[in-house]
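Data first, discussion second: the structure below is written as structure tokens.
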Amino acid sequence: FFNKEGDFNNLTAAAYHKKTHLLVTGFASGVFHLHELPDFNLIHSLSISEQRIASISINCTGDWIAFGCSGLGQLLVWEWQSESYVLKQQGHFNSMVSLAYSPDGQYIATGGEDGKVKVWNTSSSFCFVTFTEHNSGVTAVTFTSTGYVVLSASLDGTVRAFDLHRYRNFRTFTSPRPSQFSCLAVDSSGEIVAAGSQDSFEIFIWSMQSGRLLDVLAGHEGPISSLSFNPMKCVLASASWDKTVKLWDMLDSWRTKETLIMNSDVLVVAFRPDGKELAVAALNGQITFWDHENAVQTGSIEGRHDLQMGRKELDKITAKQAAKGKSFTTLCYSADGQSILAGGLSKFVCIYNVKEQILMKKFEISCNYSLDAMEVFCISKEMKDFFFNGHRTPSLTCDMSYRHFKPEIRVTCVRFCPTGRSWAATSTEGLLLYSLDSGLIFDPFELDIDVTPSNIHKTLGQKEYTVAIVMAFKLNEKKLIQEVIEAVPSSEIDVVCSSLPDLYVEKLLEFLASAFETSCHLEFYLIWAHKLLMLHGQKLKTR
């Protein structure tokens, strides 16, 4: 019915809701229709995206409709009766390149090759603002020390400052000649902004207050790969492909204080949070540690083998041989400065102990075998032809328009949270968060051996509601407490409240206070609060 001949606007997804007889259809152009069956009356149609709608789902009541657009990584929840969005989320169109934590660890800013800068809430995992001012890929993002300004550098030749109060681009920094900026750093006061160029080999310094270009630092003979300000002193470290790390002293009118010579092209530099040590990762896979005051190397880590490269589909050599040319492309110290996080062109992120120079833990960030370079041993059909027939079958006979593209697994940026409780990585899989604080906190109260979830359910089944509530509070698991309280019939609330021990009255009131924020059983919880306060109000007041 929908797919008319010669029309490219094909039907791509559909969902039907039995109770309300609602048919939702999504199309290749990003339009969706709502029809009422069996008469097939059009209720309304709307365009929600420029990309094809990949999947549709309707909730059980039939009020909310969810749409997924895989092309843009878009997720929308639409309430069709009031014609309003319940949820609107979109990821980066293609890979994320860099990330930065806000000083309090509540937000993460990410920059992508699509030129967008997004700011995410770490507790809800939702993006709450997107800045689209850049015309080309964003290469670096960072927060200032106040946490209200996000800075981003881009290949379009601009560094932009965004205000998180009013959500606007309030400063744009540019260079006299157009330059592609590959890295960015801001000093601890938030006043000085530095960006490195990958085509003119220079570092540009601007004032945050006035937006004026203060200085251009020349001296490197290769593209600038990384910049880092010392958190404690006015010193800027710059890394370049010319196999050097230069330290520039801001107070001494940006003179080169020190030049550290490496054996290989330098890819990334990072200062320890106390500013006393500098970590440098080079193209030969080594991470070296420097006492930058005295220009002395204090240690090194040979990280090549820990990266454990996967083998790509068309590689002619084993993963082990390929690993010899691999290196870390991103580094970050932990908040206490005792360990360092490193990632690169592989599916592993490594955490090293700096003092002992040993690998403490290795995180595998993906098990997705549809990405390239995931397998350590893989022989494709073309490889077999190459090895066993002594020649390779020509693959150019096929139509080149049908070639498929496999994104390669890589970690583009890792950052430790300033609180020291979590870290994040941008990768081919998206933005990944690893944390010590999982949502579940087991904090029992006067627990004994018989208090188990199954015993609580058994007590509930025997209609001993007061005992069940006391047991649930002993286990102190929110979901279980909620289940027990909601199982009490409203006619029994009075009896339960009067027989509840004083100690648990306060606990129950605290629980009700938090439940009011989220629960839909408002009247039921109000009855609980009312009865509790009527019966125990006087005692609580005296305490």
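Overview of results
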item: Residue in the range 78-89 that is surrounded by fewer than 19 Cβ atoms within 10 Å (Cβ to Cβ), on the phi > 0 side of the Ramachandran plot and either of a type in the set (F, W, Y) or not in a strand (DSSP E or B) (or both) present; result: yes
item: Out of S136, S124, sole residue that is outside any strand (DSSP E or B) and either over 14 Å from the mean Cα position of the chain (by Cα) or at pLDDT 95 or above (or both); result: S136
item: Filtered residue count, the range 199-211, keeping only those that are closer than 16 Å to K246 by Cα and not in a strand (DSSP E or B); result: 2
item: Sole exception among (1) more than 26 Å from T174 (Cβ to Cβ); (2) of a type in the set (S, T, Y); (3) surrounded by fewer than 15 Cβ atoms within 10 Å (Cβ to Cβ) for S253, by number; result: (1)
item: Some residue of the range 182-192 being open to solvent by 10 Å² or more (accessible area, probe 1.4 Å), in contact with a Lys or Arg (Cβ under 6 Å, 6 or more places away or on another chain) and farther than 15 Å from V269 by Cβ; result: no
item: Residues being assigned to a strand (DSSP E or B) and more than 30 Å from the chain's Cα centre (by Cα) - total across the range 235-249; result: 5
item: Residue satisfying condition, being touching a His at 6+ places or on another chain (Cβ under 7 Å) and of a type outside the set (K, R), within set S125, S154; result: S154
item: Subset of the range 72-104 (residues that are under 13 Å from the mean Cα position of the chain (by Cα) and modelled with pLDDT of 90 or more); result: M96, V97, S98, L99, A100, Y101, S102
item: Among the residues listed as S57, S49, the single one being under 30 Å from T428 (Cβ atoms) and assigned to a loop (DSSP other than H, G, I, E, B); result: S49
item: Selection count where residues are open to solvent by 80 Å² or more (accessible area, probe 1.4 Å), under 15 Å from L432 (Cβ atoms) and of a type outside the set (D, E, K, R), scope the range 358-377; result: 1
item: Unmet criterion (only one of (1) in contact (Cβ under 8 Å) with a residue 12 or more places away in the chain; (2) under 20 Å from Y85 (Cα atoms)) for C60; result: (1)
item: Test: residue in the range 148-155 that is under 20 Å from the mean Cα position of the chain (by Cα) and among the β-branched types (V, I, T); result: yes
item: Residue within the range 462-474 that is open to solvent by less than 80 Å² (accessible area, probe 1.4 Å) and acidic (D, E) present; result: no
item: Cross-chain or 6+ apart pairs with Cβ under 7 Å, the range 485-501 first and more than 10 Å from T466 (Cα to Cα), then among the aliphatic types (A, V, I, L, M) and assigned to a helix (DSSP H, G or I); result: A487/L460; S490/I527
item: Filtered residues of the range 490-522 (kept if under 41 Å from the mean Cα position of the chain (by Cα) and outside any helix (DSSP H, G or I)); result: S519, C520, H521
item: Exclusive hit being among the acidic types (D, E) and touching a Phe, Trp or Tyr at 6+ places or on another chain (Cβ under 9 Å), set D215, D199, D252; result: D215
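The values are calculated or read from the model by the stated rules, or taken from the named source; none is laboratory data. Only a predicted model underlies this, so the values are computations on that prediction, with no experimental measurement involved. Cβ: placed from backbone, ideal geometry, glycine included. Neighbour counts: every protein chain shown. For accessibility, only protein heavy atoms count, side chains too; no ligands or nucleic acids. Shrake-Rupley method; radii C 1.70, N 1.55, O 1.52, S 1.80 Å.
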